[in-house]
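A short write-up of the structure that comes next.
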Amino acid sequence: LVTVSKFMSKYLRHEPEALGLVLEPGGWVFGDDLLEGAAEAGFSMSRAELEQVVAESDKQRFSFDETGEKIRANQGHSTAVDLQLPDAVPPATLYHGTPEKFVALILAEGLKKMKRHDVHLSTDIAMTMKVGARRGKPVLLVIDSGRMAADGYTFRVSANGVWLTDHVPA
């Protein structure tokens, strides 16, 4: 299932066109189109595996629409897509996990979205630390999101509870 999830991340977040997929507004594609594109690319994935990844992934990276026919990545895209998420008022504090080697740059320049559409923030400290540990010793950054919102920064929240913003100032 990890392999299926990584495949889905690649093609729903970064390279949909490589499977002949076109992300609809909101980032949606028909699940059957994803399965067909995977098969044509030589990747074996069943509808049951697709549903299991959506239901059981600890990070809840994907979701089905209300009909169960369309699927999308909840956030993390590098390809052009409008997820159509409304602005939301964030909690007073949010968190970002990062490897220790990036802390000095972040403290100098703030958090940038880099190749993604947004900076990802969380209310879940444990998950944040897990994300930060992917590329080295993790550091937890505490974000004064309440102050940011008061200063005019906008936030959105994805279906899996990841808070999104354009930039977090130093």
What distance in nm lies between label points placed 7 Å from Cα along the C-beta direction at ASP124 and ARG47?
2.8 nm
Taking only protein heavy atoms and a 1.4 Å probe, what accessible area per residue, in Å², does the chain have with all protein chains in place?
54 Å²
Using 1/(1 + (r/R0)^6) with R0 = 25 angstrom and r between the beta carbons of ALA159 and GLU109, what's the FRET efficiency to the nearest 0.05?
0.25
If the only charges are +1 at each Lys and Arg Cβ and -1 at each Asp and Glu Cβ, what is the size of the charge dipole of segment 57-170 around the Cα centre, to the nearest 20 debye?
560 debye
Alpha-carbon radius of gyration plus Dmax, which is the widest Cα pair, for segment 1-86 in Å:
11.6, 37
With r defined as the distance between the Cβ atoms of ALA39 and LYS59 and R0 fixed at 25 Å, what FRET efficiency is calculated, to the nearest 0.05?
0.45
HIS14 paired with ALA170, simple spin-label distance in nm, labels 7 Å along Cα-to-beta-carbon:
2.9 nm
For segment 111-170, what does the convex hull of the Cα positions come to per residue, in cubic angstrom?
96 Å³
Taking the Cβ-Cβ separation of LYS101 and LEU1 as r and a Förster radius of 25 Å, what is the calculated FRET efficiency to the nearest 0.05?
0.25
Over all directions, how big on average is the projection of the convex hull of the alpha-carbon atoms in the chain, in square nanometres?
9.9 nm²
For the chain, what % of the accessible area comes from carbon and sulfur atoms, probe 1.4 Å?
53 percent
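The values are calculated or read from the model by the stated rules, or taken from the named source; none is laboratory data. None of the values given here were measured: they were computed from a predicted structure. Glycine gets a Cβ as well: all are built from the backbone with ideal geometry, and neighbour counts include every protein chain shown. We work out accessible area using only protein heavy atoms, side chains counted, and drop any ligands, DNA or RNA first. Shrake-Rupley method; radii C 1.70, N 1.55, O 1.52, S 1.80 Å.
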